[in-house]
Every structure is written in C-alpha cells, then in structure tokens.
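Participant: Just passing along the structure, written as structure tokens.
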Amino acid sequence: MRDKVEAVLAEIRPMLQRDGGDVELVEITEDNVVNVRLRGACGSCPGAMMTLKGGIERAMKERIPEVRSVENVG
C-alpha cells in the first residue's frame, strides 16, 4: 500500500510545489490512516486543512479505497 500512497503523493506534489509547499509521507497506520507532513508554504497556509482534506485525502480515497483518512502530523 505504501507504493500506492507514494504514487498518489507524486501526482499531487507538483501542484503543491507550484505554491511553495510540499507533502511528505510520515507513516501509514495499521488502521489505514495516512499521516503526512505538509511542508513549506503548505505547513503554515490558512488553507492547509482544505488542501489536506479536499485535495490530498480526496485523491487518496478515490485511488486507494482502503484509506480511512489523511492527517497532518506537522
């Protein structure tokens, strides 16, 4: 599953980098929660939660249905 998650993040990463941010995979828990770290501009952006839930989590769940959620662990 880690390879699938990394592949989705690789698709999303260029959009984040255009805005001065990035995302890093921290871990995937046993109950399929993907923990990421938003970096750069994404780490402090007021819209970070919208990016996380509306962008990253939505894309993850569409491509990998077993993912329960995506959380920012800072």
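The values are calculated or read from the model by the stated rules, or taken from the named source; none is laboratory data. Note that this is a predicted model, so its numbers are computed, not measured. Don't worry about glycine lacking a Cβ; one is built from the backbone with ideal geometry, like all the others, and counts go over all protein chains shown. Each accessible area value is taken on the protein alone, full model and side chains, heavy atoms only, with ligands, DNA and RNA left out. Shrake-Rupley method; radii C 1.70, N 1.55, O 1.52, S 1.80 Å.
Participant: Pick from region 41-69 the residues that are outside any helix (DSSP H, G or I) and modelled with pLDDT under 85: which of them is surrounded by the fewest Cβ atoms within 10 Å (Cβ to Cβ)? Walk me through it before giving the result.
Facilitator: The initial filter retains those residues of region 41-69 that are outside any helix (DSSP H, G or I), namely 45-47, 64-69.
With modelled with pLDDT under 85 added as a condition, the list becomes 45-47.
Details: Cys45: 16, Pro46: 6, Gly47: 12.
Among those that are outside any helix (DSSP H, G or I) and modelled with pLDDT under 85, it is Pro46.
Participant: Do we have Lys4 as closer than 20 Å to Pro65 by Cα, at pLDDT below 95 and open to solvent by 60 Å² or more (accessible area, probe 1.4 Å) here?
Facilitator: Judged against the criteria, Lys4 is not a match.
Participant: Next question, about the same structure. Output the qualifying pairs, or none if there are none: Cβ atoms under 6 angstrom, residues six or more apart or on different chains, first residue in region 20-46 and on the phi > 0 side of the Ramachandran plot, second residue at pLDDT 90 or above and of a type in the set (D, E, K, R).
Facilitator: What qualifies is Asn32/Glu66; Asn32/Arg68; Gly40/Asp22.
Participant: Taking only region 23-40 into account, find how many residues are surrounded by fewer than 17 Cβ atoms within 10 Å (Cβ to Cβ) and farther than 13 Å from Glu6 by Cβ.
Facilitator: Qualifying residue count for the region: 9.
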